[in-house]
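So the structure is just underneath, and the comments pick up after that.
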Amino acid sequence: MDLNGKVALITGAGSGIGEACALLFAKHGAKLVLTDVDGAGLERVAAAVKAGAAEAITVRNDVAVARECEAAVAAAVKAFGRLDVAVNNAGIGGPAAPTGEYPLDGWEKVIGVNLNGVFHGMRYQIPAMLKSGGGSIVNIASILGQVGFAYSSAYVAAKHGVVGLTKNAAIEYATQGIRVNSVGPGFIRTPLLDKHLTEEQLSGIAAMHPIGRLGRSEEVAELVLWLASDKASFVTGSYHAVDGGYLTR
């Protein structure tokens, strides 16, 4: 799964799954463009990547803002001359409330980051990849891109949208050398999860996975790496769960 010489842009790279992807991609030779709204986290991850002798630049980027996604891609091309891989990972959890009581501002924010952010990324990543002769895009969806979860209507709607958007882009660009796939993590022990749930809630959710535990960011990153690499050359438009068996129930 060699990424030697390939240029990879990872959103939400300042922690969690994005951080794990950055560290793993660096080990496999990628040149990295790391983006996040969390400047401190971003620089911490970049320092770890560079400590391993990999090349990396950082871009402060709110994926909900289209022009910032355009600027991130432009920075990648300016620094490295091309774009080969994109991992659209940035996401937020949002409020917990029944659909009939869901805060309007919470809905707008979750859709803005989790769905619009993926579209904004691809909107500018795809033209850059076409100029480079093709590439691979991996969109981080969720198990909640396949099933519902009470009190999480915005998150569920956004992640279902990411899966559909992935399929559509895959059809459009399959003959032009761009593969587009989505990954559906189960509940992964990340700062995002810790922010919204208590230890008691986390234990209850862990029990919903047949494997009996929460996932690790590194486990998701291994699947993302495979999809990004040429090992997955005949894989496009697919949704791949990494969920400890959650969706089998």
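Computed from the coordinates by the stated procedures, all read-outs in this text should not be read as laboratory data. Note that the structure is a prediction, hence the values are computed from the model and not measured. Positions of Cβ are backbone-derived with ideal geometry, glycine not excepted, and every protein chain shown enters the neighbour counts.
Relative contact order for the chain using alpha-carbon pairs under 8 Å, separation at least 6, rounded to a whole percent?
Relative contact order here is 20 percent.
The residues neighbouring G29, those whose beta-carbon lies less than 13 Å from its own, together hold a net charge of -1 under the Lys/Arg +1, Asp/Glu -1 convention. Between F80, V65, L42, the Cα set farthest toward the positive side of the dipole of region 9-141 (charges on each charged residue's Cβ, about the Cα centre) is that of F80. For V242, the amide hydrogen comes within under 5 Å of the amide hydrogens of G184, G186, counting only partners 5 or more places away or on other chains and with H modelled in the peptide plane. Convex hull volume of the Cα atoms of the chain, normalised per residue: 116 Å³. Computed over every Cα-Cα pair of region 28-107 and binned at 10 Å starting from 0, the pair-distance distribution P(r) comes out as 16, 41, 25, 13, 6, 0 percent. Computed over region 23-158, the P(r) curve from all C-alpha pair distances, binned at 5 Å from the origin, holds 2, 10, 17, 20, 18, 14, 9, 6, 3, 1, 0 percent per bin. Amide H contacts for G135 (H built 1.01 Å from N in the peptide plane; partners 5 or more residues away or on another chain; cut-off under 5 Å): I178, R179.
Just so you know, the averaged projected area of the alpha carbon convex hull for region 155-249 sits at 6.8 nm². If you wrap the tightest convex hull around every Cα atom of region 37-77 and split its volume per residue, you get 50 Å³.
If you run the Gaussian network model on the chain, springs between alpha carbon atoms under 10 Å, then out of V45, V65, V162 the most flexible one is V65.
Rounded to 0.05, the FRET efficiency of the V235 and K78 pair, given R0 = 22 Å and the Cβ-Cβ distance, is 0.15.
Residue order for D84, D194, fewest other beta carbons within 10 angstrom first, comes to D194, D84.
Think of it as helices only: each DSSP H run of n ≥ 4 in the chain is worth -39500 (n - 2.57), and spread over all residues that comes to -14000 deg cm²/dmol at 222 nm. In straight-distance terms, cross-link reach from K31 covers every one of the lysines whose alpha-carbon lies under 30 Å from its own, apart from those fewer than eight places away in the same chain; here that gives K6, K50, K78, K131, K159, K167, K231.
In this structure, the amide hydrogen of L83, modeled 1.01 Å from its nitrogen in the peptide plane, lies closer than 5 angstrom to those of S132, counting only residues at least 5 positions away or on a different chain.
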